[in-house]
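The values are calculated or read from the model by the stated rules, or taken from the named source; none is laboratory data. Since we're looking at a predicted model, the values are computed, not measured. Cβ placement follows ideal geometry from the backbone for every residue including glycine, while neighbour counts extend to all protein chains displayed. Surface accessibility is based on the protein's heavy atoms, side chains included, excluding ligands, DNA and RNA. Shrake-Rupley method; radii C 1.70, N 1.55, O 1.52, S 1.80 Å.
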Amino acid sequence: MAAVVLSFVLFGNGLTGRFILDDEFVIAGNPLINYHLTDFWKIFTSPYHFNQPLSGLYRPFTIASYAVNWFIFGGSPVSFHVVNVLLHALAVWLVFVLVYRLGSLSAAVIAALLFMFLPIHVEDVTSLVGRAEMLSFVFVVAAFYFLTRERYGSAAAAFFLGLLSKENALAFLPLAVLWEIWHSRRSWKRDWH
């Protein structure tokens, strides 16, 4: 709850923002994002920039989140901003949970607060197309958490959703390899002592 309240305190001044720049092109100008969800499944065969396959971007989960957002709350940018702030709060909470799992309560609180207040998140939260970044991060942190619990199927599913949100979710792969190397060394040492 604290993450939600603090996220709205930090980013609440951007809730009344309009669709601007890429928001207009990616969200408001995409005919698949509408009040009916009639072509919802077409989102998964369309590029991120609708009718522009040369952009090379494929982020169907992000576009699907915009479509569901529009379907439920309408075309007002306010609801899109609210969802982005809630995603930021979720990301903060996941950072807390992951660090708490790997460390201590004090380390988890410090990590969550540092993550929450990083100025670089302003663009991801207040720019509506920044949702791709937030979704990707949320799924990667969730995947890493599942990996630490040895729930590999859940980790793979979260990683896949992260990839469908934004391609930078690929950062999970080297983290997963490093974790497995570190974790297997700890297990090996524990078994031999």
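With the Cα gyration tensor of the stretch 13-57 giving a ≥ b ≥ c as the square roots of its eigenvalues, does the rule (a/c under 1.5 for rounded; else a/b larger than b/c for prolate; else oblate) give rounded, prolate or oblate?
Oblate is the answer for the stretch 13-57, as a/c is 1.5 or above yet b/c matches or exceeds a/b.
Roughly what angle does helix 131-148 make with the longest principal axis of the chain, taking Cα atoms, 0 to 90 degrees, to the nearest 10?
With rounding to tens, the tilt is 20 degrees.
Compute the signed sum of charges (Lys and Arg +1, Asp and Glu -1) over the other residues within less than 15 Å, Cβ to Cβ, of Pro47.
With Lys, Arg at +1 and Asp, Glu at -1, the neighbours total 0.
Name the shape class, rounded, prolate or oblate, that the alpha-carbon gyration tensor gives for the stretch 90-139, where a ≥ b ≥ c are the square roots of its eigenvalues, rounded holds for a/c under 1.5, and otherwise prolate holds if a/b is larger than b/c and oblate otherwise.
oblate
Quick one: dipole size for the chain, taken about the Cα centre, charges +1 on Lys/Arg Cβ and -1 on Asp/Glu Cβ, in debye to the nearest 20.
660 debye
Which residue fluctuates the most in the chain, going by a Gaussian network model with Cα springs under 10 Å, if the choices are Ser55, Ser165, Ser65?
Of the options given, Ser55 has the highest mean-square fluctuation.
With unit charges on the beta carbons (Lys and Arg positive, Asp and Glu negative) and the dipole taken about the Cα centre of the chain, which residue among Phe25, Leu6, Trp41 sits farthest to the positive side?
Farthest towards the positive end: Leu6.
Using a ≥ b ≥ c from the Cα gyration tensor of the stretch 71-117 (square roots of the eigenvalues), is it rounded, prolate or oblate, where a/c under 1.5 gives rounded and otherwise the larger of a/b and b/c decides, a/b for prolate?
prolate
Summing Lys, Arg as +1 and Asp, Glu as -1, what charge do residues with Cβ under 15 Å from the Cβ of Val97 carry, Val97 excluded?
+3
If Lys and Arg each add +1 and Asp and Glu each add -1, what is the summed charge of the other residues whose beta carbon sits under 12 Å from the beta carbon of Ala158?
That sum, taken over residues with Cβ under 12 Å, equals +2.
Can you compute log10 of I(q)/I(0) for the stretch 34-172 with the Debye formula, treating each Cα as one identical point scatterer, at q = 0.10, 0.13, 0.18 Å⁻¹?
Each listed q maps to, in turn, -0.37, -0.61, -1.07.
Using Cα springs under 10 Å in a Gaussian network model of the chain, which residue among Thr38, Thr126, Thr62 shows the largest mean-square fluctuation?
So, out of Thr38, Thr126, Thr62, the one fluctuating most is Thr38.
Report, to the nearest whole %, how much of the accessible area of the chain belongs to carbon and sulfur atoms, 1.4 Å probe, protein only.
Using a 1.4 Å probe with all protein chains present, the chain comes out at 70 percent carbon and sulfur.
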